[in-house]
Each structure stands twice: as structure tokens, then as C-alpha cells.
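**Student:** There's a structure below that I have some questions on.
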Amino acid sequence: MRDRGWWCLAALSGGVAVMAGAFAAHALQDQLPERLLAAFEIGVRYQMWHTLAMLGVLAWRASHPRRGFGIVLGLWAAGVLLFSGSLYAMALTGLRGLGMVTPFGGVLMIAGWLTLAVGALRAGRDDAQSESGMA
């Protein structure tokens, strides 16, 4: 199986997001101030959305191998780790300084989306050149 490591990472990320969401709903709801609980839940939401996006890119890449999509996956994985991870850690420890890490994760996520857009544009151009016999 191609991309076995990425598939495994995406599956684990999805599992962690579900566990973190359940943990927030059942164990943290009465333990954290509303602001910290909301931050934790934002981390869960962004982790799950990016996990689903990773699965989509992996499925696309399985049938349409393209250069650069590994970079997208790496940017999203690092972004989730920094963005969601810092929100989880900040909510659980109360250390507000960890919030300084969160924007770096967000920038990595955005960079992943922009890289995906560039890759999709290039893929469309490459496909059009192949069909016209120019490639």
C-alpha cells in the first residue's frame, strides 16, 4: 500500500480527535473555565477537519499521483501538532504562554491549503498538456 505511513498517521489523528472530543465533553466540561474548554474544542475541530482533508488528499493521490502532495500532508500534520497540540496543552495546564505556539500551527495549516491549491492548478495544467500531446 502506497502512503501506508500517512494513512496510519491520519487514522491515529482521527482516533485522537474523537478521544479528545469525548474527553472534553465528559471529563473536562465541569473542570475547565469556559474559555479553556472552548480552546480545547477548537483544537479538536481543527484536528478532525485536517484529518479528513488528509484522507481526501491520500485518496486523490492514490489514483492521481502528484508531486507536492506529500508536502501538503506534512504541513497539515505539523500544523495539527502545533495548533491543536498547543490548545490541548494550554487548556489542560492553564499555561497561557503555550498560546504563542498556536498561530505557528495555523500558518502551517494555511500553507498546506495553499500548497494544495498550487498542486491542483499544476495537476490541471499537466493533465491538459498530456491530453493535447504537449507533455
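The values are calculated or read from the model by the stated rules, or taken from the named source; none is laboratory data. Keep in mind that what you see is a predicted model, and the values were worked out from it rather than measured. Cβ sites come from the backbone with ideal geometry, for glycine too, and all protein chains shown count toward neighbours. Keep in mind that these areas ignore ligands, DNA and RNA; they rest on the heavy atoms of the full protein, side chains included. Shrake-Rupley method; radii C 1.70, N 1.55, O 1.52, S 1.80 Å.
**Student:** Only one of the listed values, [x] -0.87, -1.13, -1.21; [y] -0.56, -1.08, -1.29; [z] -0.60, -1.02, -1.15, was derived from the coordinates as log10 I(q)/I(0) by the Debye sum over Cα atoms at q = 0.13, 0.19, 0.21 Å⁻¹; which label is it?
**Tutor:** Evaluating log10 I(q)/I(0) by the Debye sum over Cα atoms at q = 0.13, 0.19, 0.21 Å⁻¹ on these atoms matches [z].
**Student:** Let me cross-check Ile71: its accessible surface, 1.4 Å probe, with only protein heavy atoms counted, in Å² to the nearest 10?
**Tutor:** Surface open to solvent at Ile71 totals about 100 Å².
**Student:** List the relative contact order of the chain as a percent without decimals, with contacts defined as Cα pairs under 8 Å and 6+ residues apart. Please list the in-between numbers first.
**Tutor:** Numbers: 128 pairs, mean separation 32.4, N = 135.
Over the chain, the number comes to 24 percent.
**Student:** Could you work out the helix-only [θ] at 222 nm for the chain, with each DSSP H run of four or more residues adding -39,500 (n - 2.57) and the total divided by the number of residues, to the nearest 500 deg cm²/dmol?
**Tutor:** Values: 4 runs with 105 residues, N = 135.
So the calculated ellipticity at 222 nm is -27500 deg cm²/dmol.
**Student:** Roughly speaking, to the nearest percent, how much of the chain's 1.4 Å accessible area is carbon and sulfur? Spell out each step's value before the answer.
**Tutor:** Numbers: 5490 of 7970 Å².
Summing carbon and sulfur atoms, their accessible area is 69 percent of the total for the chain.
**Student:** At 1.4 Å probe size, with every protein chain present, just tell me what the per residue accessible area of the chain comes to in Å².
**Tutor:** For the chain, the solvent-accessible area averages 59 Å² per residue.
**Student:** Distance from a point 7 Å along Cα→Cβ of Val107 to each backbone N in the stretch 51-78: keep the residues under 18 Å and list them by number.
**Tutor:** Hits in the stretch 51-78 for Val107 at 18 Å: 72, 74-78.
**Student:** How many nm is it between the label spots at Leu55 and Leu81, if each spot is 7 Å from the Cα in line with the beta carbon?
**Tutor:** 2.2 nm
**Student:** If we count trypsin sites (Lys or Arg not before Pro) as exposed when they sit in a DSSP loop and have at most 10 other beta carbons within 10 Å, what is the longest stretch of the chain that avoids them all? Walk me through the numbers before you get to the answer.
**Tutor:** Numbers: sites that count: Arg2, Arg67.
Longest stretch, sites excluded: 68-135.
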